[in-house]
Amino acid sequence: MFINSILGDEFAKEYAINIYDAIDMCIPGILGYKSIVNGNVPIEIPNLRNPKERDKYRNDTFCTFPKIAGDQYVSHNRFIPDGLPDEVYERARRKWLS
């Protein structure tokens with residue numbers, strides 16, 4: 001629907017969600033994980049429609065991708081901070097192939 005709405009499809013425009021609706025759907029999970037990583041501390045869920053609240057998060061790159069996150073990198077697995085060893089993936093690959 002998103003792509004079609006950009007291309008001018010009126011039906012798609014009626015049913016596509018906007019960026020704020022999309023953020024409302026995903027931000028509780030993202031900030032929930034951030035809470036877990038930080039010892040289950042409460043984290044306020046911002047209203048990103050409000051420019052003052054949005055600006056607080058402008059440079060927040062907390063994520064599981066090291067090249068993007070920089071010093072705000074967190075592991076994608078809170079139980080194994082450095083990730084799984086390569087041999088685990090290789091063992092799973094061998095099992096899958098067999």
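Table for the structure above
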item	result
Contacts under 9 angstrom Cβ, first residue in the range 1-21 being at pLDDT 90 or above, partner in a helix (DSSP H, G or I) and among the charged types (D, E, K, R), 6 or more apart	Asn4/Lys13
Top-ranked residue of the range 46-73 - restricted to ones that are among the basic types (Lys, Arg) and not in a helix (DSSP H, G or I), ranked as nearest to Met1 (Cα to Cα)	Arg49
Residue check, Ile23 under 30 Å from Phe79 (Cβ atoms), in contact with a helix residue (DSSP H, G or I) (Cβ under 7 Å, 6 or more places away or on another chain) and surrounded by 14 or more Cβ atoms within 10 Å (Cβ to Cβ)	no
Positions within the range 56-85 being of a type outside the set (S, T, N, Q), open to solvent by 80 Å² or more (accessible area, probe 1.4 Å) and closer than 22 Å to Asp24 by Cβ, in sequence order	Lys56, Arg58
Hey, Tyr33 out of contact with any Leu (no Cβ under 7 Å at 6 or more places or on another chain), among the aromatic types (Phe, Trp, Tyr) and either open to solvent by 100 Å² or more (accessible area, probe 1.4 Å) or farther than 20 Å from Cys63 by Cα (or both) or not	no
Filter result for Ile43 (at pLDDT 85 or above, out of contact with any strand residue (DSSP E or B) (no Cβ under 9 Å at 6 or more places or on another chain), in a loop (DSSP other than H, G, I, E, B) and surrounded by 11 or more Cβ atoms within 10 Å (Cβ to Cβ))	yes
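Quick grid of which residues meet (1) more than 15 Å from the chain's Cα centre (by Cα); (2) assigned to a helix (DSSP H, G or I); (3) on the phi > 0 side of the Ramachandran plot:
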{"site": "Ser5", "(1), (2), (3)": "yes, yes, no"}
{"site": "Ala12", "(1), (2), (3)": "yes, yes, no"}
{"site": "Ile17", "(1), (2), (3)": "yes, no, no"}
{"site": "Met25", "(1), (2), (3)": "no, yes, no"}
{"site": "Ile30", "(1), (2), (3)": "no, yes, no"}
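The values are calculated or read from the model by the stated rules, or taken from the named source; none is laboratory data. Computed from a prediction, not measured in an experiment: that's the story for all the values here. All Cβ positions, even for glycine, are placed from backbone atoms using ideal geometry, and neighbour counts span all protein chains on display. Each accessible area value is taken on the protein alone, full model and side chains, heavy atoms only, with ligands, DNA and RNA left out. Shrake-Rupley method; radii C 1.70, N 1.55, O 1.52, S 1.80 Å.
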